1. If you keep only loop residues by DSSP, which trypsin sites (Lys or Arg not before Pro) in the range 168-265 have at most 12 other Cβ atoms within 10 Å of their Cβ?
2. State the three equivalent ellipsoid semi-axes of the range 122-180, derived from the C-alpha gyration tensor as the square roots of 5 times its eigenvalues, in descending order and whole Å.
3. For the range 68-154, taking Cα atoms only, what is the radius of gyration to one decimal and the Dmax to the nearest whole Å?
4. In which sequence would Lys167, Lys290 go, from the one with the fewest C-beta neighbours within 10 Å to the one with the most?
5. Among Lys126/Lys188; Lys147/Lys188; Lys221/Lys292; Lys126/Lys240, which pairs are too far apart, with a Cα-Cα distance over 18 Å?
6. In nm², what is the average projected area of the convex hull enclosing the Cα atoms of the range 243-380?
7. Could you please rank Asp69, Asp210, Asp114, placing first whichever residue has the fewest other Cβ atoms within 10 Å of its Cβ?
8. Test of understanding: ordering Trp140, Trp278 by Cβ neighbours within 10 Å, fewest first, what list do you get?
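Since every read-out is calculated from the coordinates, none of them should be taken as a lab result. Here the structure is a predicted model, which is why all the values come from computation and not from measurement. All Cβ positions, even for glycine, are placed from backbone atoms using ideal geometry, and neighbour counts span all protein chains on display.
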Amino acid sequence: MAFNFNKAIYEDSKNNVGSRSSDYQKIFNDDAPSMGYISNKAPCELILVPPHASYGANAAMTSGGFRQDPTRGVVPTLGQYGIDWVMVYRKVGNDPDYKKRKDILAINMMEGPDGMTVQTERDWGKGYMSPMYKLREFLWRTGGGHKYNKALRRSEATINVDTSTAKYKRAHELVPIDGNDLNSPLSKGVRTMFLQGFVVNNAGINYTVDEEGQPCWPRHKILMINQISAIKSREDARTKEGFYDVWFERADGINMDPEYIVNHFGDISQSETAQTNWEAGFRHSDFAVKQKLVTFSSYPSGPAGIATYTCAVQNLSDRFGEHYVLPDEVLKKVRPFGDYILENNEKLQIQWLLELFPGDEWAFIEAGIIQDGSNSVAMGGFSAPTATPPATVIYPPASPVKPPYVTAESVSATAKPKAPPMPVAPVANSVPAVPQVAAPVNLSAGGTDLSSQMKALMSKLQNNVNK
């Protein structure tokens, strides 16, 4: 049976515990399809289907649970076609070349008494506090803890610090005041939803023709959606237009009241019968047999012009006709989402951060992320005297972690079956393409010796100090 990542996140939340993807990502492994971002320039159409039955995952619409969002009400958990409720730190690193920065998923997978435990970070560091959160919080405090004063329309320091120190200045460079844009070396984590499916078009690119202009089946991709407006509308919103609002729309009139759901259907997180009965009331619960087309559109919203997304769902046949159905040979590419997650744990996240912030190890030490045998680690332009021998960085002990799934053989992507032409006009390529990126380096796959990686990393850090 495939590892159900959403179920693990749901259990974590319930207990209140705290192209491919690119070489620049620290999110997905080499088995994952290529990743893209929903454009705010043009509609994005995605054929959403369940994982193929040959991988051991059921075709459930949900993972048999729900969470409660304080502003958006009850939110069902996704099935194995995507994940939600995870925090991603975007474009992390102090390299001025943004392509050399990385995205890191703020989760910690560790072995517990009852199997694999998944700890996920929440907004504002609630629940699991990732090394990214700890580092950013430390740098924010070191820089004076600035907060925006709406009345004065400017940011003000909330912590009295010495503003003449090099650490104060460097903290502002790494976490700028009012700097929560993607170009900051360490922005705040973004609540993210990932959906896998077959992209018809996105950002003006038509994915139903190949490089030679011949018709082909839509491209299998993972879409990253990092605007909370795309997930579910606020409870007091007059128009319900988020993904959860339409994807989990009920046709039986039953509201999403947790107490009523449990009393009426039973414990849907424990009983498959209860879950099946509960899912039968969703308008699109037949997506395992009737392929669905999900369309995201965007429009500017708010004073900052941040894109707000609307979502619509319809049967694929309603748009393209009964004859246009993805064949089984194409659907076999869709695996349970847990199969794509790159192993994340405390030790790996610290290693990645040290790779991305060379010369700023002082911040890791003072934030309590790593330990130092002395005070001579280079501190980004204000290192200790050269007469002092370089320090040995001591990593915190890591819990033993094993992959939460058995990786199946990769599905061959060489066979490229031709598809009948789509009965719609292709979208004009008038909008710049979403940049495509290459495959990630899986630091934890194939029995990689992490201790040897640590030694190599230490050698690199000490060379930096000796320069």
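1. Working: sites: Lys169, Arg170, Lys188, Arg191, Arg219, Lys221, Lys232, Arg234, Arg238, Lys240, Arg250; in loops: Lys188, Lys232, Arg234, Arg238, Lys240.
Answer by residue number: Arg238.
2. Details: eigenvalues 78, 54, 17 Å².
Taking √(5λ) for each Cα gyration eigenvalue gives 20, 16, 9 Å.
3. Taking only Cα atoms of the range 68-154, I get Rg and Dmax of 16.8, 52 Å.
4. Details: Lys167 18, Lys290 14.
Fewest-to-most ranking of Lys167, Lys290: Lys290, Lys167.
5. Lys126/Lys240
6. 15.8 nm²
7. Taking fewest neighbouring Cβ atoms as first place, the list is Asp114, Asp210, Asp69.
8. Neighbour counts put them in this order, fewest first: Trp140, Trp278.
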